[in-house]
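Take this structure, written in structure tokens, and hold onto it; I'll ask about it next.
The values are calculated or read from the model by the stated rules, or taken from the named source; none is laboratory data. Remember, it's a predicted structure, so these values are computed and weren't measured experimentally. Virtual Cβ from ideal backbone geometry, glycine too; neighbours counted across all protein chains shown. Accessible surface areas use protein heavy atoms only, side chains included; no ligands, DNA or RNA. Shrake-Rupley method; radii C 1.70, N 1.55, O 1.52, S 1.80 Å.
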Amino acid sequence: MKLRTLSLALCMAAITPFVSAKTLSVTTETGSIQVKTIVEGLENIWGMAFLPDGSMLVTERRGRMRIVSADGKVGKPLTGLPDIYAQGQGGLLDVVLAPDFASSKKIYFSYSEPGKGGNSTAVSFATLNGNQLEHVTRVFSQQPKINSSAHFGSRLVWAPDGTLFITLGDRYSEKDKAQTLDNHQGKVVRINADGSIPKDNPFVKTPGALPEIWSYGHRNMQGAAINPTTKELWTGEHGPQGGDELNIDRAAKNYGWPVITYGENYGGGKIGEGTHKEGMEQPNYKWVPSIATAGFIFYTGDKFPQWKNNILLASLKDKTFVRLVVEGEKITKEERLLSKELDQRLRHVVQGPDGLVYLVTDESKAKIYQLSPQ
């Protein structure tokens, strides 16, 4: 009897890791957290936004948008999306709810738009009606279009005044255009919800400048968020081989790319003139070598009180969940988590209405993880 009991106990111990494989316990500097897999089976997730009922609106770069229920049930692709160039880094990108979603049912999404001359990042809004997108209306299209499958950006962030920030990549082969104001390469742009130009944009009255432009001299920004304390825009961008940046993104400022950078050419070799130049902004925080920064948030919930107003950031190359302590305008501490436990390219971080933290992965078999205190 004792032998049978021992054998049963051993069998139970052997299967325990399998049974609990979707939930991990991870020790952090601020206490233990639980990491739970809540969604599997999607492909290269890029963006995610919570709907009022707790379900999730999820984009897959291949050109699909789905609603995923709060309990992880994956819905069929929504109908009504516009034509999308889904090659290389291009495809269906970010998604956010309109500030008045409760009454308007509008969502905004960014994507790689094919057209004359090649492709570029575009933004449209649509009305969400069940499993359909209706009244799709384009409000922005990056100009000019070029033949490239790289560096599209693109995060969408609502400013406190109701305007929309759009981060745009330099398209890789067009990096020098990030320094001129007659195009949208390597820029942050700011528009009204209907696509019109805010009258207080910094270059509205500058001859030869596109009036949508907010800031310039960027490489490839795949992260952006509003600091809840200062109400200012922060952006995160990929450096080349080194020099990933976090910037406090201010009107009319030149962030230097490709004239100054802390990175180097792939395979080695200097880019530009060095790391500093008068009239060009220094990064607020940088990573050398690169970790491939992606989406991030300022955490404002109450489930992780020790993370209050910290930046929580996803990393693609290093497969790392990064916590940054912010004091005023300075980053005073960095903690890297989950690279060994998950071993997944992390694309974005989203705070749920429940105050928990959700991570999405950029993998062919992508997952959504829920982080909760333990």
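Anything in the stretch 192-223 that is within 21 Å of residue 100 (Cβ to Cβ), hydrophobic (A, V, I, L, M, F, W, C) and touching a residue at least 24 places away in the same chain (Cβ under 8 Å)? List them, or say none.
193
Would you say residue 210 is surrounded by fewer than 24 Cβ atoms within 10 Å (Cβ to Cβ) and touching a His at 6+ places or on another chain (Cβ under 7 Å)?
Working: surrounded by fewer than 24 Cβ atoms within 10 Å (Cβ to Cβ): yes; touching a His at 6+ places or on another chain (Cβ under 7 Å): yes.
Criteria met by residue 210.
Moving on to the next point. Considering (1) within 20 Å of residue 257 (Cα to Cα); (2) open to solvent by 20 Å² or more (accessible area, probe 1.4 Å); (3) in contact with a Ser or Thr (Cβ under 6 Å, 6 or more places away or on another chain); (4) not in a loop (DSSP other than H, G, I, E, B), say which one residue 190 fails and leave the rest.
(2)
Quick check on my filter: what residues within the stretch 130-170 are surrounded by fewer than 17 Cβ atoms within 10 Å (Cβ to Cβ), of a type in the set (A, V, I, L, M, F, W, C) and part of a strand (DSSP E or B)?
136, 158
To continue, here is another question. Hey, can you tell me all the residues within the stretch 225-240 that are farther than 20 Å from residue 301 by Cβ, in a loop (DSSP other than H, G, I, E, B) and not acidic (Asp, Glu)? Break it down stepwise before answering.
Step one: of the stretch 225-240, the residues farther than 20 Å from residue 301 by Cβ are 232-233, 235-240.
The next check asks that each one be in a loop (DSSP other than H, G, I, E, B); those that pass are 232, 238-240.
The answer is 238, 239, 240.
Quick check on the stretch 171-182: of everything there that is out of contact with any helix residue (DSSP H, G or I) (no Cβ under 9 Å at 6 or more places or on another chain), in a loop (DSSP other than H, G, I, E, B) and not hydroxyl-bearing (Ser, Thr, Tyr), which residue is nearest to residue 91 (Cα to Cα)? Step through it out loud before you land on a result.
Here is the first cut: in the stretch 171-182, the residues out of contact with any helix residue (DSSP H, G or I) (no Cβ under 9 Å at 6 or more places or on another chain) are 172-182.
Among the residues that remain, those that are also in a loop (DSSP other than H, G, I, E, B) are: 172-174, 180-182.
Add one more test, that the residue is not hydroxyl-bearing (Ser, Thr, Tyr), and what stays is 174, 181-182.
Working: 174: 19, 181: 26, 182: 25 Å.
Filtering the stretch 171-182 for residues that are out of contact with any helix residue (DSSP H, G or I) (no Cβ under 9 Å at 6 or more places or on another chain), in a loop (DSSP other than H, G, I, E, B) and not hydroxyl-bearing (Ser, Thr, Tyr), the one nearest to residue 91 (Cα to Cα) comes out as 174.
Being part of a loop (DSSP other than H, G, I, E, B) and under 12 Å from residue 167 (Cα atoms) is true for just one of 185, 222. Which residue is that? Give the steps one after another, and end with the answer.
Numbers: 222 fails: part of a loop (DSSP other than H, G, I, E, B).
When all the criteria are applied, what remains is 185.
Let me ask something additional. Condition check: assigned to a loop (DSSP other than H, G, I, E, B), farther than 20 Å from residue 371 by Cβ, in contact with a helix residue (DSSP H, G or I) (Cβ under 8 Å, 6 or more places away or on another chain) and touching a residue at least 12 places away in the same chain (Cβ under 8 Å). Does residue 99 satisfy that?
Values: assigned to a loop (DSSP other than H, G, I, E, B): yes; farther than 20 Å from residue 371 by Cβ: yes; in contact with a helix residue (DSSP H, G or I) (Cβ under 8 Å, 6 or more places away or on another chain): no; touching a residue at least 12 places away in the same chain (Cβ under 8 Å): yes.
No.
Report yes if residue 291 is closer than 30 Å to residue 267 by Cβ and buried (at least 20 other Cβ atoms within 10 Å of the Cβ), otherwise no.
Details: closer than 30 Å to residue 267 by Cβ: yes; buried (at least 20 other Cβ atoms within 10 Å of the Cβ): yes.
Spelling it out, residue 291 is indeed closer than 30 Å to residue 267 by Cβ and buried (at least 20 other Cβ atoms within 10 Å of the Cβ).
Can you work out which of the residues in the stretch 315-374 that are more than 23 Å from residue 288 (Cβ to Cβ) and basic (Lys, Arg) is least open to solvent (accessible area, probe 1.4 Å)?
Result: 367.
Which number in (1) under 14 Å from residue 131 (Cα atoms); (2) over 17 Å from the mean Cα position of the chain (by Cα) marks the one condition that residue 40 misses?
(1)
Still on this structure, I have one more. Which pairs have Cβ atoms under 7 Å, sit 6 or more apart or on different chains, and link a residue in the stretch 58-84 that is open to solvent by less than 30 Å² (accessible area, probe 1.4 Å) to one that is among the small types (Gly, Ala, Ser)?
59/47; 63/86; 63/91; 68/55; 68/75
Go over the candidates 5, 30, 23, 16 one by one and state the one that is at pLDDT 95 or above and either surrounded by 10 or more Cβ atoms within 10 Å (Cβ to Cβ) or of a type outside the set (D, E, K, R) (or both). Write out each step before concluding.
Working: 5 fails: at pLDDT 95 or above; 23 fails: at pLDDT 95 or above; 16 fails: at pLDDT 95 or above.
Of the residues listed, the single one that is at pLDDT 95 or above and either surrounded by 10 or more Cβ atoms within 10 Å (Cβ to Cβ) or of a type outside the set (D, E, K, R) (or both) is 30.
Oh, and also: May I ask you to verify whether residue 119 is within 26 Å of residue 151 (Cα to Cα) and either over 22 Å from the mean Cα position of the chain (by Cα) or not basic (Lys, Arg) (or both)?
Working: within 26 Å of residue 151 (Cα to Cα): yes; either over 22 Å from the mean Cα position of the chain (by Cα) or not basic (Lys, Arg) (or both): yes.
So residue 119 fits the description; yes.
Okay, moving on. Out of (1) surrounded by 16 or more Cβ atoms within 10 Å (Cβ to Cβ); (2) touching a residue at least 60 places away in the same chain (Cβ under 8 Å), the odd one out for residue 306 is which?
That leaves (1) as the condition not met.
Can I ask one more? Within the stretch 241-270, count every residue that is part of a loop (DSSP other than H, G, I, E, B) and buried (at least 21 other Cβ atoms within 10 Å of the Cβ). Please lay out each step first, then the result.
Taking the stretch 241-270 as the starting set, the residues that turn out to be part of a loop (DSSP other than H, G, I, E, B) are 241-243, 249-253, 255-259, 261-270.
The next check asks that each one be buried (at least 21 other Cβ atoms within 10 Å of the Cβ); those that pass are 243, 249, 255-257, 261-263.
Here the count works out to 8.
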